[in-house]
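Asker: The structure follows.
The values are calculated or read from the model by the stated rules, or taken from the named source; none is laboratory data. These figures come from a predicted structure and were not determined experimentally. Please note: Cβ atoms are built from the backbone with ideal geometry, for glycine as well, and neighbour counts cover all protein chains shown. These accessible areas exclude ligands, DNA and RNA; they are computed on the full protein's heavy atoms, side chains included. Shrake-Rupley method; radii C 1.70, N 1.55, O 1.52, S 1.80 Å.
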Amino acid sequence: DAHKAALARKLGIHSSRTEIDEVLRSDFARAFNSTYGDQASAALLTQYRMAQPIGDLVSKTFYEGKLRNGERVIPDVYQHAPRALRSMVTWLDTSNLGQRAHHLEDRGTSIYNRSEADQIISVLKQVSENVEFVEELSKLTSKDEAAIGVICMYAEQKRMLRQKFNQEIWSDGFKDIVKIDTVDSYQGKENRIIILSLTRSDKRHSPGFLRAPNRINVAMSRAMDRLLIVGNADVWKGMNKELPLGSVVRYMTERGQGAGYAFISAKQDGEQK
């Protein structure tokens, strides 16, 4: 948002969200949504990457339910997974941690969230300690390809998570199947398991740039077999319920565990309940 405001001043335009977002639209988006685009364009509306519950969630949240799921077999390895990865889509909710769930911003412009990082490291430890599950995951990916992708919505969260990850002792070969990066680096990529760290959480429930759908869409749609969202679900209720992540919380709640969607609560010691 700070970069957008600076750009608006430089260009001499009003810095309202509508005006600056219009200026920043890509030429492809302009062409696709133009009168000519309506006549000449076509949307590719069948996806083959994501398991059906992930695809349905992405379709409902970002494509008005128009995105369809192609045929795809999910490998039968997840019965050995930790609880946070049993359902195809799980929200690991940090709201019960109170102020400890809040992000910090004492390192400059980007924010970070220690409690989310601790929860993610805990899940990764549970995976690492399950030798059979790690072996099966490794067989699903080619060499130098990560089976588990940890996507951070903020760069400082990525730096902190990488630091915590590198300070831990992991089982043989486990570090090779985990990738930690920002959402901006993930366009066009995919992993069997995606763990998404939302990071943003404060007492005002300010959504920041997470109000915009594009990056959230990219992050969620990278997941092939499992999607684990880590964050304060309360932020996306009430005044933020109409924003994309509000729609995600509502859809998951309405569909429930039988359809592949689960909520689990974070614990202070890092274990999930």
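Asker: Scan (1) crowded, with 17+ Cβ neighbours inside 10 Å; (2) over 27 Å from Arg25 (Cβ atoms); (3) of a type in the set (Ser, Thr, Tyr) for the single condition Ser247 breaks and write down its number.
Answerer: Looking at each condition in turn, Ser247 falls short on (2).
Asker: Look at Ser95 and say whether it is without any contact (Cβ under 8 Å) to a residue 24 or more places away in the chain and open to solvent by less than 80 Å² (accessible area, probe 1.4 Å).
Answerer: No, not satisfied.
Asker: Within region 138-147, can you find the residues that are buried (at least 18 other Cβ atoms within 10 Å of the Cβ) and farther than 24 Å from Gln157 by Cβ?
Answerer: Passing the criteria: none in range.
Asker: Can you work out which of the residues in region 69-93 that are among the β-branched types (Val, Ile, Thr) and at pLDDT below 95 is farthest from Ser115 (Cα to Cα)?
Answerer: Residue satisfying both the conditions and the ranking: Val73.
Asker: Which residues, counting only those in region 49-66, are among the basic types (Lys, Arg) and either under 17 Å from Gly260 (Cβ atoms) or open to solvent by less than 40 Å² (accessible area, probe 1.4 Å) (or both)?
Answerer: Scanning region 49-66 gives Arg49, Lys60.
Asker: Which count do you get for residues in region 186-208 that are open to solvent by less than 50 Å² (accessible area, probe 1.4 Å) and modelled with pLDDT under 90?
Answerer: Here the count works out to 1.
Asker: Within region 16-31, identify whether any single residue is in contact with a helix residue (DSSP H, G or I) (Cβ under 7 Å, 6 or more places away or on another chain) and not hydrophobic (A, V, I, L, M, F, W, C), and answer yes or no.
Answerer: no
Matching residues to (1) in contact (Cβ under 8 Å) with a residue 40 or more places away in the chain; (2) closer than 28 Å to Ala29 by Cα; (3) not β-branched (Val, Ile, Thr):
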{"residue": "Arg162", "(1), (2), (3)": "no, no, yes"}
{"residue": "Ile180", "(1), (2), (3)": "no, no, no"}
{"residue": "Ser185", "(1), (2), (3)": "no, yes, yes"}
{"residue": "Gly188", "(1), (2), (3)": "no, yes, yes"}
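Asker: What residue, of Gln157, Gln163, is open to solvent by 10 Å² or more (accessible area, probe 1.4 Å), more than 28 Å from Arg72 (Cα to Cα) and of a type outside the set (Lys, Arg)?
Answerer: Just a single option satisfies the conditions, and that option is Gln163.
Asker: A further question follows. Could you tell me whether any residue of region 30-45 is surrounded by 10 or more Cβ atoms within 10 Å (Cβ to Cβ), assigned to a helix (DSSP H, G or I) and either of a type in the set (Val, Ile, Thr) or touching a Pro at 6+ places or on another chain (Cβ under 7 Å) (or both)?
Answerer: no
Asker: Restricting attention to region 5-29, which residues are outside any loop (DSSP other than H, G, I, E, B), under 30 Å from Val89 (Cβ atoms) and small (Gly, Ala, Ser)?
Answerer: Hit for region 5-29 is Ala29, nothing else.
Asker: Could you check how many residues of region 142-152 are at pLDDT 90 or above and in a loop (DSSP other than H, G, I, E, B)?
Answerer: Looking only at that region, the number is 2.
Asker: If I filter region 122-137 for residues that are touching a residue at least 60 places away in the same chain (Cβ under 8 Å), open to solvent by less than 60 Å² (accessible area, probe 1.4 Å), part of a loop (DSSP other than H, G, I, E, B) and within 21 Å of Ser95 (Cα to Cα), do I get at least one hit?
Answerer: Looking for residues that are touching a residue at least 60 places away in the same chain (Cβ under 8 Å), open to solvent by less than 60 Å² (accessible area, probe 1.4 Å), part of a loop (DSSP other than H, G, I, E, B) and within 21 Å of Ser95 (Cα to Cα), one finds none in region 122-137, hence no.
Asker: Taking into account only those residues within region 9-20 that are within 29 Å of the chain's Cα centre (by Cα) and open to solvent by 60 Å² or more (accessible area, probe 1.4 Å), which is farthest from Asn69 (Cα to Cα)?
Answerer: Ser15
Asker: Continuing with this model, one more query. With Asp225, Asp181 as the choices, which residue is touching a Cys at 6+ places or on another chain (Cβ under 9 Å), at pLDDT 95 or above and of a type outside the set (Gly, Ala, Ser)?
Answerer: After applying the criteria, what remains is Asp181.
Asker: Hey, can you tell me all the residues within region 216-244 that are among the small types (Gly, Ala, Ser) and either touching a His at 6+ places or on another chain (Cβ under 7 Å) or open to solvent by 20 Å² or more (accessible area, probe 1.4 Å) (or both)?
Answerer: Gly238
Asker: Residue by residue through region 98-121, note down the ones that are of a type in the set (S, T, N, Q), in a helix (DSSP H, G or I) and surrounded by 15 or more Cβ atoms within 10 Å (Cβ to Cβ).
Answerer: Matches in region 98-121: Ser115, Gln119.
Asker: Something else about it: Taking the conditions exactly as written (more than 22 Å from Arg215 (Cβ to Cβ) and either charged (D, E, K, R) or in a helix (DSSP H, G or I) (or both)), does Asp172 satisfy them or not?
Answerer: Yes.
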